[in-house]
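These notes concern the structure reproduced below.
The values are calculated or read from the model by the stated rules, or taken from the named source; none is laboratory data. Note that the structure is predicted; figures quoted are calculated from it, not measured. We place every Cβ from the backbone using ideal geometry, glycine too, and count neighbours over all the protein chains shown.
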Amino acid sequence: MRAALALFLLLPGLALAGPATVVRQTEMRREPAFDSVALARLAQGAKVEAMERRGGWTRVKSEAGEEGWVRMLLLRHEGGGAAKQGESGVVAAINVARTGTSGRQVTTGVRGLDAEQLANAKPNAAELKKLQGYAASRDAAARFAGAGELQAQSVAYPKEGE
């Protein structure tokens, strides 16, 4: 019974296991936390092996054999958006002409929730009101920044594809 329970608990992590590509330069960390020690820097395009997921983090193994944690959103898992096995660009174009779609599906904005959780989701007005209570006004934020002697900085929008 314990073995079956352990296997059941490992199944979500096993579904994630597999090759992935780093989509933006990042640091691989010892623990799944921003304040954890950085073990190595992974370049954009680096190939890794995804091994386990915990919250918004994925444990990976680099090509150099180092293991650590990377933010889940900075990985593209193999097969996501790639052409079907043996499918050329011509076949994809024919699919678009024939069916109006490329035969691929894109999902945005929902990570960490399964289909059942999404289907059963209900709005919670009390929690929304509580969340809105944490918002700071522009004036309050400016006073806070001034008290900490913070200086305003202009930050450019990232270029397309970054």
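Residue-wise test of (1) modelled with pLDDT under 85; (2) surrounded by 10 or more Cβ atoms within 10 Å (Cβ to Cβ); (3) more than 30 Å from residue 52 (Cβ to Cβ).
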position	(1), (2), (3)
105	yes, no, no
115	yes, no, no
133	no, no, yes
140	no, yes, yes
143	no, yes, yes
147	no, no, yes
key: Residue within region 84-92 that is at pLDDT 55 or above and surrounded by 13 or more Cβ atoms within 10 Å (Cβ to Cβ) present   = no
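Mind listing whichever residues of region 21-58 are basic (Lys, Arg) and either in contact with a helix residue (DSSP H, G or I) (Cβ under 9 Å, 6 or more places away or on another chain) or more than 15 Å from residue 76 (Cα to Cα) (or both)? I'd like the intermediate steps shown before the answer.
To start, the set of residues in region 21-58 that are basic (Lys, Arg) comprises 24, 29-30, 41, 47, 53-54.
Within region 21-58, 24, 29, 30, 41, 53, 54 qualify.
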Residue pairs qualifying under the 7 Å Cβ cut-off, at least six apart or on distinct chains, with the first in region 111-135 being part of a helix (DSSP H, G or I) and the second being of a type in the set (Val, Ile, Thr) and modelled with pLDDT of 90 or more, are none
The one condition residue 69 fails out of (1) part of a strand (DSSP E or B); (2) modelled with pLDDT under 95 is (2)
